[in-house]
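Encoded as structure tokens, the structure appears first; notes follow it.
Read the figures in this text as sums done on the coordinates, not as results from a lab. Because the structure is a prediction, the values reported are computed rather than measured. We place every Cβ from the backbone using ideal geometry, glycine too, and count neighbours over all the protein chains shown.
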Amino acid sequence: MSTNPPRIDLTINTDLARAILTGFIRSEITRAGFSRAVIGLSGGVDSTLSCYLAAEALGPRNVLAVRMPYKTSSPDSLEHAQMVINALGVQSLTIPITGMADALFEQTPDANEMRRGNVMARARMIVLYDQSEVFRGLVVGTGNKTEILLGYTTLYGDSACALNPLGDLYKTQVRQLARAMGIPEAIVAKPPSADLWSGQTDEGELGFTYAEADQLLYLLVDERYSPEECVQAGFAAPFVKAVVERVRRNHFKRLMPPIAKLSNRTVGYDFLYLRDWGT
């Protein structure tokens, strides 16, 4: 992925990050008139870190962790999620999505793995938002900065949430904060996977590791390097091109849908207020 790239230190002040993120969860949920959170807990490091932060911010009994296995889901995912539930004392539910997803798959037997994976991700979000109404809590996101930039997420699936505490942390930094908060190494170190089909891993699909992507994305995004400057810094040109193309191509996933402007005050253009306007 690189010829002789610089080694960028992505280390964060974990105590400060922890304080900021728990404060963020608390303030964003309470300003919307809620006091509880709902999290889809996969057993991976991202959802586990969101769950740890939410439990610290709101208290364990105000957090609902929902496990949503499909019939091909890894048993390790369920076990690791249960490990988190037991460690934190949060409330929990297990709601399989096999019946929901298979009802559609029966109508589309030729659907490939990508289509099936997107259906599963969106089925899980249906479950989470239904439980949001029952539990009277907001859905807390689990996507990190690397995934958001690369577009490695299902629109209206795992990208959907009311607030996201991890969206400005690269995967490397997620792991650092997770270790600082005492999350078990079995969860932190395992290969990242959306668990959408047997043997699926994030890095296998992407074609490069998160560690490699984080180094390049930091230069492109945080330091505003041009692609040419990244190549000059030592990153392989094909790798830079592939990452830049992913970031550009998936920008629509990071925005609200554009609205065609017809009036003097259009939502998102001229009708603009702070998130807590009117509360």
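One table, with the values for the structure above:
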quantity: Bridge type composition, the chain - antiparallel percent by DSSP, nearest 5; calculated: 10 percent
quantity: Global geometry of the range 1-159, whether rounded, prolate or oblate, following the gyration tensor of its Cα atoms and the 1.5 cut on a/c; calculated: oblate
quantity: 5 angstrom amide H check on Ser159, placed H, neighbours 5+ away; calculated: Thr154
quantity: Scattering profile of the chain at q = 0.07, 0.10 Å⁻¹ [log10 I(q)/I(0), Debye over alpha-carbon scatterers]; calculated: -0.27, -0.56
quantity: Sequence-distant residues sharing a close amide H with Ala194 (under 5 Å, placed H); calculated: Asp202
quantity: Cut-off under 5 Å, modelled amide H: who pairs with Gln91 long-range; calculated: Val63, Ala65
quantity: Prolate/oblate/rounded call for the range 1-75, Cα gyration tensor, a/c under 1.5 rounded; calculated: oblate
quantity: Cα gyration tensor of the range 145-266 - equivalent ellipsoid semi-axes, whole Å, descending; calculated: 26, 22, 15
quantity: With at most 16 neighbouring Cβ atoms within 10 Å, loop GluC sites (Glu not before Pro) (DSSP) excluded, longest segment of the chain; calculated: 107-222
quantity: Anisotropy class of the range 49-110 from Cα gyration tensor, a/c 1.5 cut; calculated: prolate
quantity: Förster radius 51 Å - calculated FRET efficiency between Glu106 and Arg31 (Cβ-Cβ, nearest 0.05); calculated: 0.70
quantity: Ratio of Rg to Rh over the range 68-212 (Cα coordinates, Kirkwood Rh, two decimals); calculated: 0.94
quantity: HN-Hα J in Hz across the range 24-34 - Karplus 6.51, -1.76, 1.60, θ = phi - 60°, x for Gly and Pro; calculated: 4, 4, 4, 5, 5, 6, 6, 5, 8, x, 10
quantity: Cα→Cβ-extended label distance, 7 Å offset, between Asn4 and Glu79, nm; calculated: 4.5 nm
quantity: P(r), alpha carbons of the range 93-161 - 10 Å bins starting at zero, rounded %; calculated: 19, 45, 31, 6
quantity: Neighbour count of at most 11 Cβ within 10 Å plus DSSP loop: longest trypsin sites (Lys or Arg not before Pro)-free window in the chain; calculated: 72-223
quantity: Per-residue HN-Hα couplings for the range 216-224 [Karplus 6.51, -1.76, 1.60; θ = phi - 60°; Hz; x = Gly/Pro]; calculated: 6, 4, 4, 5, 5, 9, 6, 9, 6
quantity: Reachable lysines, given that their alpha-carbon falls under 30 Å from the alpha-carbon of Lys190 and they are not under 8 places away in the same chain; calculated: Lys71, Lys145, Lys171, Lys241, Lys253
